[in-house]
Every structure is written in structure tokens, then in C-alpha cells.
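The values are calculated or read from the model by the stated rules, or taken from the named source; none is laboratory data. Only a predicted model underlies this, so the values are computations on that prediction, with no experimental measurement involved. Here the Cβ is made from the backbone with ideal geometry for all residues, glycine too, and neighbour counts use every protein chain on show. Surface accessibility is based on the protein's heavy atoms, side chains included, excluding ligands, DNA and RNA. Shrake-Rupley method; radii C 1.70, N 1.55, O 1.52, S 1.80 Å.
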Amino acid sequence: LEMAWFSSLTLLVIVFGSTANGNHQPNPNSAFAALLNDAQASTDWQNASLLTVVIPCAGLGTRLGLPYPKELHMVGANTALIDISLRHLVPYAARIRSVVVVIEPRKYQLVEYLEKWRTVLPIHFCFFDERHYEWAGSILSAEPLFGESNLVLLPDSFLKASEGNAVVPTMLDLLSRFGVVFGYVAETSHERLQALGALAVSDGGAVTHFCDKPSENLDKFNGFWGCFGFRRAAARALLQTMMRSIARQPVDISDFGAAVGAFPLASHLDLGTWPNLHRAVEEKLFSSGDPRKAEDPTVPRP
């Protein structure tokens, strides 16, 4: 199924209509009609002073083995996993041009759930393009909706920024100087680096090496990414390079075709595994209350 922007109710009926077994039939009178109207309201994707946020949600969530989209797993009062990522954006809503959520057709429940955010953030949806590969391909599926400045947040991660480096303003600032920017956590453990998107970051904040889950030459890496951003012009080369790295093909930082910078995050936790989810709950990482009014979680708590 090729990527498609929700641009009309007709498209919605084609994609989410009746199936042979009668499943996947959302209520067309609830979230969708309003969301489709919102998706038509914004046409200027070129404003570099605003940020387009991409959240890839097309994965199957096999590590958690849930019978529903992992993004909807509740981790606190009124808080699902995807709310953790969206909370980063609330204090900076005026600087967000669009939030593009990439899904696949079986995840219509996610569209319904995100209705509650439509008065806070300009949320749009697109489908995963099956010509692409893995999480990087999910992001590339949103290419027609990219802005001049773009931020990728994963739907199953907890980020905490270092002091003075809140994710949204820091990303916008650095994307005025770099074509690609990573928010990273310092790390030298070979065991951890082998399971993550590894980076080599110089003292001046330039990224000199990248590899997804490296299996060799681990000493040259000193961190891993927790989020990243890119200018529109760098998007295709960046994401195609990431797809090759995920497929265990050798890549070089020059393949990104742009200057690559980085800024430090205080911490990052992958919430796509049960041990990490249990740890997050035990450490009370999630604040209670309405996530749409929550404090910026990128700022360290006292």
C-alpha cells in the first residue's frame, strides 16, 4: 500500500472500509472527519522557522507482543506511550508547523486516540510506503509532508534534555547551521552501542561516524541518538543511508550529503521492551494528569 495523505473522506472510506471478516471499521462520525478537515487546512510546508515533527508508528510492536498498537499502551493516568513523545511539543506548539504520524492501515485505533490532541497540535497522518524499509523507511514515507526543518521523535521513547537544551528550540537553532542534527546520549558500553543507533561525536559537536547497531569497530563510537532532525534537502540521502545501515550495509557519514551536528540529551530510555517499561513505572518517569497540559518533559526535574 503506497503512502497516502488523508486528504478526503473518500480516501478514508477506501482504506478503512469493510473487510472480508468485518474488522477494522472505525466510526466515520467520530475522530476522522474532523482530522481530515484539519489535514486540509495547512499547505505551506516551507517555513523554516517552524518545525515539522514526524512520528513513525507503522511498526508491529513485536517486542511487546500486545494485541493492540504499542503506542496506545497506557503507562500512567491518561497517558499512553505516544503521549510521552507529544508532551515534548506542548510548550512549543506555536513553533510546530505539523505533526505527521506515519501509520499502517491496521492502526486506525491510533487515529481515534489522537483526536484528543487535535485542539493542541496540528496532527496529520500518512501511510507507510511498503517500497521502503524499517523505521527509517517509515519516516521517508512522510516525505511529501516534510517541512524545511524536521524533527523525528520515536513513539516509544522517553527523552530528557540536558539543561538549556530543550529539544524543539535546540533543534530549530541547530538546523539553521546543519543539514542533519542528532540529539544524543554519551555512551561507551559496547553492549549498549550494539543495540542502538551509534554515533561518534567530536568535542565540538560534529558527528563523524554513524552506524545502526554496530558489530565492529565499537571503540570509535561514544554515544547513541535519541532523536534527530534534518533539513528537507538532506532528507532522502539521510534516510536512505539509514535504511542501508539497518540492512547491515556499510555506510559513511559523508553519505548523508550534509553537515551533521549534535547536542546532548541528559538521558534516553527505549520503552519498547517490558524491562524498560517496568523500570520507567518504578522510577515514576511519567507525570500524571492531562498530557496535553503537562510540563515540558525534556527539562530535567529538580
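Some notes on this structure:
- Within the stretch 225-253, the only residue that satisfies the criterion of being surrounded by 15 or more Cβ atoms within 10 Å (Cβ to Cβ), farther than 22 Å from Arg177 by Cα and free of Cβ contacts under 8 Å to residues at least 24 places away in the same chain is Arg244.
- In the stretch 123-146, of all residues being more than 15 Å from the chain's Cα centre (by Cα) and surrounded by 18 or more Cβ atoms within 10 Å (Cβ to Cβ), the one that is nearest to Tyr92 (Cα to Cα) corresponds to Asp129.
- In the stretch 147-171, residue nearest to the chain's Cα centre (by Cα) [restricted to those that are open to solvent by 10 Å² or more (accessible area, probe 1.4 Å) and of a type in the set (Ser, Thr, Tyr)]: Thr170
- Residue selected from the stretch 86-108 under the condition free of Cβ contacts under 8 Å to residues at least 60 places away in the same chain and farther than 16 Å from Val152 by Cβ, by the criterion least open to solvent (accessible area, probe 1.4 Å): Lys107
- From Ala198, Ala136, residue being under 18 Å from Phe256 (Cα atoms) and free of Cβ contacts under 8 Å to residues at least 40 places away in the same chain: Ala198
- Of all residues in the stretch 48-63, those being farther than 21 Å from Pro169 by Cα and either open to solvent by less than 10 Å² (accessible area, probe 1.4 Å) or assigned to a helix (DSSP H, G or I) (or both) number 1.
- Subset tally (residues that are in contact (Cβ under 8 Å) with a residue 60 or more places away in the chain and open to solvent by less than 10 Å² (accessible area, probe 1.4 Å)) for the stretch 180-194: 4
- In the stretch 108-123 there is at least one residue matching the filter, namely being in contact with a helix residue (DSSP H, G or I) (Cβ under 8 Å, 6 or more places away or on another chain), in a helix (DSSP H, G or I) and among the polar types (S, T, N, Q).
- Qualifying residue in the stretch 198-207 (condition: modelled with pLDDT of 95 or more and of a type in the set (S, T, N, Q)): yes
- Identity of the residue in the stretch 195-213, farther than 25 Å from Leu172 by Cβ and out of contact with any strand residue (DSSP E or B) (no Cβ under 6 Å at 6 or more places or on another chain), that ends up surrounded by the most Cβ atoms within 10 Å (Cβ to Cβ): Lys213
- Matching residues, the stretch 254-283, being modelled with pLDDT under 90 and open to solvent by 60 Å² or more (accessible area, probe 1.4 Å): Trp274, Pro275, His278, Arg279, Val281, Glu282, Glu283
- Hits in the stretch 211-232 - residues which are closer than 15 Å to Phe263 by Cα and not small (Gly, Ala, Ser): Asn222, Phe224, Trp225, Cys227, Phe228, Phe230
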